[in-house]
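The values are calculated or read from the model by the stated rules, or taken from the named source; none is laboratory data. Computed from a predicted structure; not experimentally measured. Cβ atoms come from the backbone with ideal geometry, glycine included; neighbour counts cover every protein chain shown. Quick note on the areas: whole protein, heavy atoms, side chains included, nothing else; ligands and nucleic acids left out. Shrake-Rupley method; radii C 1.70, N 1.55, O 1.52, S 1.80 Å.
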Amino acid sequence: MAAPSPDNVSELTLPLVHFDITWLYFHPVHRLLFFEFPCSKEHFLETLVPKLKQSLLQTLKHFLPLSGNIIHPIDSARPISRYVVGDSVSLTIAQCDKDFNHLTGNHPRVADEFYSCVPQMPPATHSSDSVVFPVLALQATIFPGHGVCLGFTNHHAIGDASTIVRFVKAWASVTRLGGDSQLIDEKSLPFYDRTSVEDPEGLDSIYWKLMKKSKPMESPPLNLYLNKVRATFVLAKDDVQKLKIFVLSKRPKMTHISSFTVICAHVWACLAKAAAAIGEDVGDDEPEYFGFPADCRSRMNPPLPSTYFGNCLAFVKAETTHGKLKGNEGYLIAAESIGAAIQKTVYNEKGILDGAENWPFEFRELGGKRLFGVAGSPRFDLYDADYGWGKPKKYEAANIDGDSSMSLCKSRDFEGGFEIGLSRPRIMLDAFAPFFTISLRNL
C-alpha cells in the first residue's frame, strides 16, 4: 500500500458532477504498459520497487483523490470523492514467467495470458450509512531477465483517460527525475475546482435521479478469462492519409475527415464484413452503432483547463445498418456517419452539452444492440511515459476484452501512425485481419 503524506492537507472532498455520475456503475478500466528492461528479480525487488514506491508517494501528493475513495451514501445523497490522511493506493508486486516477447507482439495472443499483470481493485466496504469504493490499484510485474509491466486499474467515475494518463506520466516523470519539481515547473498539476464545471439544465440532478432508478449500487467487476484473442493492427501515416484521400475523392462535401474518423470507419466496416464472412446471423436492416466519448474540456463555457481532474466527456453516437456497413461502400458510409455524429455533437452551435440531458437514455437504449466503440484516444500518448527504462515497448488496454470496444493510440514505432487493439473470438479476428489489410490496399 502507498499512503501519501500531503503538505497542509488533511482532507479533500470533491462532489461527483454529471460527467462522473455517468460512469459510477461502469466496470473498472485496465491499462498495461510493458517495458523492455532486462534485470534480475533481485535488482527489481531491491532497486526498482523501492524507487517506484517512493516516487509513487511523491506523485500521489498531487493526485490525492486517487488515494482516496468514492463514498456512496445509503440514503439518496449524491456520491462524493473523498481523501483523508491515511488513505492509500494498493500496489501489488508480482512475477510472471510467461514469454515477454510473445505478450508484447502485435500478433494474435490469447487474452487470458495478460491477466496475471492486471491489478485487482480492492473490494468495496459497506457500513450502515455508505458504501466505500477504492478508485485505483497498481501492479508492478517482473519478467526476470526481460522486462517490467506496470498495470493500472481505475474506477472510471474518478477520472477519464485525460486524468489517468496525466497521473501515469507524472509518476513516470517523478521516477525518472527523482523528484516532482518538473511537475510544478510545467504547471501540470491537477485542477480540482468543480464549481467551474458547466451544468446547464441541472444535469447533476437529472443524471443522479436516473442512475438511482436504473442501476444497482455496486459497479460490476469486469469478467476476465473470456477466451478471446487480442491483436494489434498498425496504420502508418501514409495509410491514414490514403484513407482520408479516398473519402475526399468520393465525398468531397463530407465534414470532419480526421484521422480518428477514417481509422474508426475503416475498422467498423471491416468488422461488419468479417461478421458476414463467418456467417453471423445479422439482417441487413439491423442497426449498427458506433459510440465514443469526446473530451469536453476546451469546449465548455467557460473552458476548463486541460489539467482538470475528473471526467469531462460528451457522448457521441453514429448509426447505420449492417447491410450498408458490410457493402462495397461500407467504409464511406461509416466515415460519413462518424463525421456527421462528431459535427452534430462536438461542433454543435448551441454548445457541446446541447441535448446532454438525453445521453443516459440514448446510451441505455443501446443495451443488447450491435454497438462498437473506442477505448482511449491517440491524444493521450502513453508511449511518452518513461520511468527511466526507456519508452514502453507495448501498451495494452485489457478492459476491451470485456466489451465491444477497440483501443486506439499513437504508434510506438511510426511517426504519425496509430495502433488499433482488438479483442475478439479467434474466428472473428482471423476473418477481420485480411479485410483490414486488403481493403486498405484496394483503395
Quiz item: For the residue pair E349 and S128, what label-to-label distance in nm results when each label sits 7 Å from Cα along the Cα-to-beta-carbon direction?
Solution: 5.9
Quiz item: How much solvent-accessible surface does S258 expose, in Å² to the nearest 10, with a 1.4 Å probe and all protein chains in place?
Solution: 30
Quiz item: Which shape class, rounded, prolate or oblate, goes with region 218-352 when its Cα gyration tensor gives a ≥ b ≥ c as root eigenvalues, a/c under 1.5 marks rounded, and past that a/b bigger than b/c marks prolate?
Solution: oblate
Exercise. Only helices at least 18 Å long along their axis, Cα-based, and averaging 1.0 or more on Kyte-Doolittle count here, so list those DSSP H runs from the chain.
Key: 259-277
Practice problem: Over the chain, average the accessible area per residue using a 1.4 Å probe and give it in Å², no decimals. | Solution: 43
Self-check item: Mean Cα-pair separation over length for the chain, i.e. relative contact order, pairs under 8 Å, 6 or more apart, %
Solution: 22
Quiz item: Considering only DSSP states other than H, G, I, E and B, which chymotrypsin sites (Phe, Trp or Tyr not before Pro) in region 220-325 qualify as loop sites with at most 12 other Cβ atoms within 10 Å?
Solution: Y225
Quiz prompt | Environment charge of I142, counting only residues whose C-beta is closer than 13 Å and scoring Lys/Arg +1, Asp/Glu -1 | solution = -2
Quiz item: Here are some pairs, K250/K326; K53/K169; K242/K317; K253/K326; K250/K350; which of them have Cα atoms lying more than 20 Å apart in this structure?
Solution: K242/K317; K253/K326; K250/K350
Quiz item: Want the number for D284 to S196: 0.36 nm per residue separation, take away the alpha-carbon distance, what's left?
Solution: 27.1 nm
Self-check item: For the chain, calculated [θ]222 nm from helices alone, where every DSSP H run of n ≥ 4 adds -39500 (n - 2.57)
Solution: -9000 deg cm²/dmol
Practice problem: Would you list the P(r) distribution for the chain, with all Cα-Cα distances sorted into 10 Å bins from 0 and each bin expressed as a whole %? | Solution: 4, 20, 31, 27, 15, 3, 0
Quiz prompt | Amide proton proximity set for F191, modelled H, under 5 Å, gap of 5+ | solution = Y308, F309
Exercise. Take the alpha carbon gyration tensor of region 229-300, find the square roots of its eigenvalues, order them as a ≥ b ≥ c, and report rounded if a/c is under 1.5; if not, report prolate when a/b exceeds b/c, else oblate.
Key: prolate
Quiz item: Based on DSSP, what percent of beta bridges with both residues in region 254-393 are antiparallel, to the nearest 5?
Solution: 70
Quiz item: Which residues' amide hydrogens lie under 5 Å from the amide hydrogen of M406, considering only partners 5 or more residues apart or on another chain, with H built in the peptide plane?
Solution: G373, V374, A375
Quiz item: Taking the mean number of other Cβ atoms within 10 Å as a proxy for protection, how do you rank 17-27, 345-355 from highest to lowest?
Solution: 17-27, 345-355
Quiz item: Of all the accessible heavy-atom surface of the chain, with the other protein chains kept in place and a 1.4 Å probe, what percent is carbon and sulfur?
Solution: 51
Exercise. Mind putting a number on the dipole of region 41-194 about its Cα centre? Charges go on the C-beta only, +1 for Lys and Arg and -1 for Asp and Glu, and I need it in Debye to the nearest 20.
Key: 260
Quiz item: Roughly how big is the chain's charge dipole about its Cα centre, with Cβ charges of +1 (Lys, Arg) and -1 (Asp, Glu), in debye to the nearest 20?
Solution: 700
